[in-house]
Amino acid sequence: MGCGRKHRSGAPNTRPSCGSRDIIGERCKFFMFCVMKSACLTADNLQRRGWHLAPICHLCSNGGESCHHIFSSCSFTQEVWGLVRGRLGHLQTTPSVDLSWWCDARYNMDTMSDNTSHNILSQVNGSSQIVITDSKVQKLGSSANYVKYYKGTVKFGKGLRIQTKASVLAFTSCDGEAADALYVRLVAVNSPFTVKPLSYGRGIRRYREYTFLAVPPPSCLLSNYTDGFNDKTVSMKRFTEEFIKITGDIVRAIITLHCQGYWCSGLKGKHICIYKMEKCTDAKIWSFCFAGGNEAKKSEDWVDLGKLLELAAKRNDSYTAEIEDLCKKLKNKTLRGMKVLKHSALLNVREKFENIIALNLFILVHVKSQPQVPSGDPEKDKIISELVKFMNASLQWAKAMPHWITQSSNYQAPTTETGLSFIDGLRDLFEHENEYIPEKVKQSQSKIQLVGRDPDLECQLRLNLEKIFLQAQNFVLELDIEY
């Protein structure tokens with residue numbers, strides 16, 4: 001098997017033997033060791049040994065010849081390393097005699113050879129790498145309100161051996177946005193209600209004109225809920241608990257961004273990612289801009305939120321008086337902050353019932369039991385004055401009560417149909433709700449229709465008595481009454 005062994009044809013075998021390859025490998029290792037220890041016979045080391053020669057680098061004629069210079073800071077060497085790094089997809093800009101990056105680059109090269117169909121796009125400071133695994137452009141969101149992205153992975157850790165799936169967003173100079181700027185903002189906010197980015201970078205080779213942002217793959221976008229019919233958005237003419245949870249996350253995200261000097265600049269459904277994990281659904285905003293102290297810009301976020309909720313209700317044929325009231329208050333900028341989540345349109349059924357019970361108690365303690373005395377808060381006094389008018393007004397509400405309630409043996413018809421008797425009657429109904437439900441509904445395991453509708457008390461009250469029921473709920477909101 002030696003170098004001089006001949007083939008059967010008589011031609012000499014010029015391929016190095018295994019022993020020769022081992023010698024070459026050892027020589028390379030020894031040379032690399034000398035480079036890292038600055039022990040090569042460069043001009044500065046030869047001068048220390050008594051040699052008399054010019055210490056100028058013969059490659060660039062600029063600077064003294066030393067190991068660090070000739071392998072790192074020399075302009076000629078930097079060009080060579082630039083070509084090598086470009087070939088390996090390594091974007092570290094400052095060469096170093098510490099060649100630990102070379103090991104990482106070799107690992108990356110092996111990965112590229114194993115997956116030649118993958119397109120390495122970018123790398124950030126040698127610490128992470130974005131790889132597109134499917135070059136086909138994907139769309140996420142509704143048909144008219146979507147985001148384009150690529151399926152990919154992000155590699156990180158020592159030797160880039162750890163990888164995770166990612167959705168890769170591509171930006172060009174025409175977009176007026178760069179991935180690195182958006183990445184910095186997302187990292188700076190660092191909120192559970194904004195998307196946590198995985199990596200960013202500028203493309204290499206044919207992707208040089210693009211910047212890329214990698215984020216955890218979302219399940220869908222908010223536009224999937226708002227731009228068309230979706231039974232996860234509305235049920236029985238009210239927002240579902242899942243959509244209420246999503247809206248709550250958006251409200252908290254807007255508040256967080258405002259506190260840190262940002263705003264959402266034309267908030268749309270495609271700017272909000274939805275992540276579903278088991279039984280939990282979270283909404284996270286990924287697109288926002290710096291606003292500083294410009295309160296006018298920040299207030300526009302509440303207007304845009306009102307438009308999104310209005311769109312969701314109308315596309316699902318559920319734009320009731322209650323949802324309309326919420327959207328108008330948002331668009332008129334009279335409702336903002338955490339108070340948005342106290343509006344009855346964003347409460348579940350039990351919370352609406354508790355509001356009526358709390359309002360009834362407030363009337364007994366603060367209105368009926370004592371004369372009206374100015375509280376020192378003109379706005380609150382005005383609301384209480386309107387509440388008193390509501391209590392004494394003749395409303396004619398009894399005939400609109402659900403049929404299966406009025407025919408119950410426990411139901412007592414009111415002697416006067418005023419606002420006060422309405423609130424007191426609802427309080428009794430909610431506190432003893434189980435006694436009013438017909439026995440056949442309790443015993444049945446199948447879906448029963450009564451008077452053409454499901455026996456849903458809140459739905460029938462809200463639709464049959466929408467103005468009165470909404471007015472009572474708004475008194476709780478405006479007076480900030482807690483159950």
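Just for segment 154-165: of the residues that are surrounded by 20 or more Cβ atoms within 10 Å (Cβ to Cβ) and modelled with pLDDT of 80 or more, which one is farthest from residue 220 (Cα to Cα)? If we take residues in segment 154-165 being surrounded by 20 or more Cβ atoms within 10 Å (Cβ to Cβ) and modelled with pLDDT of 80 or more, then 155 is farthest from residue 220 (Cα to Cα). You will find that of 226, 194, 256, 233, the residue that is among the β-branched types (Val, Ile, Thr) and in contact with a Lys or Arg (Cβ under 6 Å, 6 or more places away or on another chain) is 194 and no other.
Criterion applied to 375, 385, 408, 421 was being modelled with pLDDT under 75, hydroxyl-bearing (Ser, Thr, Tyr), out of contact with any Leu (no Cβ under 7 Å at 6 or more places or on another chain) and surrounded by 10 or more Cβ atoms within 10 Å (Cβ to Cβ), and the one residue passing it is 375.
Does segment 398-406 contain any residue that is among the hydroxyl-bearing types (Ser, Thr, Tyr) and either assigned to a loop (DSSP other than H, G, I, E, B) or within 25 Å of residue 367 (Cα to Cα) (or both)? No, segment 398-406 contains no residue that is among the hydroxyl-bearing types (Ser, Thr, Tyr) and either assigned to a loop (DSSP other than H, G, I, E, B) or within 25 Å of residue 367 (Cα to Cα) (or both).
Residue under question is residue 290, and the condition is that it be surrounded by fewer than 16 Cβ atoms within 10 Å (Cβ to Cβ) and assigned by TED's automatic domain parsing to the domain that holds residue 342; does it hold? Yes: the conditions hold for residue 290.
Residues in segment 130-150 that are crowded, with 17+ Cβ neighbours inside 10 Å and within 18 Å of the chain's Cα centre (by Cα): 140, 141, 142, 145, 146, 147, 149, 150.
Taken over segment 185-209, the criterion of being surrounded by fewer than 18 Cβ atoms within 10 Å (Cβ to Cβ) and modelled with pLDDT under 90 is satisfied by 190, 205, 206, 208, 209. Contact list please: Cβ distance under 8 Å, first residue in segment 24-39 and in contact (Cβ under 8 Å) with a residue 40 or more places away in the chain, second residue acidic (Asp, Glu) and assigned to a loop (DSSP other than H, G, I, E, B), pairs at least six apart or on different chains. Hits for this filter: 36/98. Those helices (runs of 4 or more DSSP H) of segment 148-266 in which at least 3 residues are touching a strand residue (DSSP E or B) at 6+ places or on another chain (Cβ under 6 Å), considering only elements entirely within it, cover 179-189, 241-259. Considering each residue of segment 358-371 in turn, none proves to be of a type in the set (D, E, K, R) and either part of a strand (DSSP E or B) or at pLDDT 95 or above (or both).
Identify, from the list 254, 285, 274, the residue that is farther than 30 Å from residue 468 by Cα and touching a Pro at 6+ places or on another chain (Cβ under 7 Å). None of the other options fit; the residue is 274. Of all positions in segment 318-340, at least one carries a residue that is without any contact (Cβ under 8 Å) to a residue 60 or more places away in the chain and of a type in the set (Val, Ile, Thr).
Would you mind stating whether residue 330 is surrounded by fewer than 21 Cβ atoms within 10 Å (Cβ to Cβ) and either within 18 Å of residue 250 (Cβ to Cβ) or in contact with a Gly (Cβ under 9 Å, 6 or more places away or on another chain) (or both)? When the stated conditions are applied, residue 330 does not pass them.
The values are calculated or read from the model by the stated rules, or taken from the named source; none is laboratory data. Keep in mind that what you see is a predicted model, and the values were worked out from it rather than measured. All Cβ positions, even for glycine, are placed from backbone atoms using ideal geometry, and neighbour counts span all protein chains on display.
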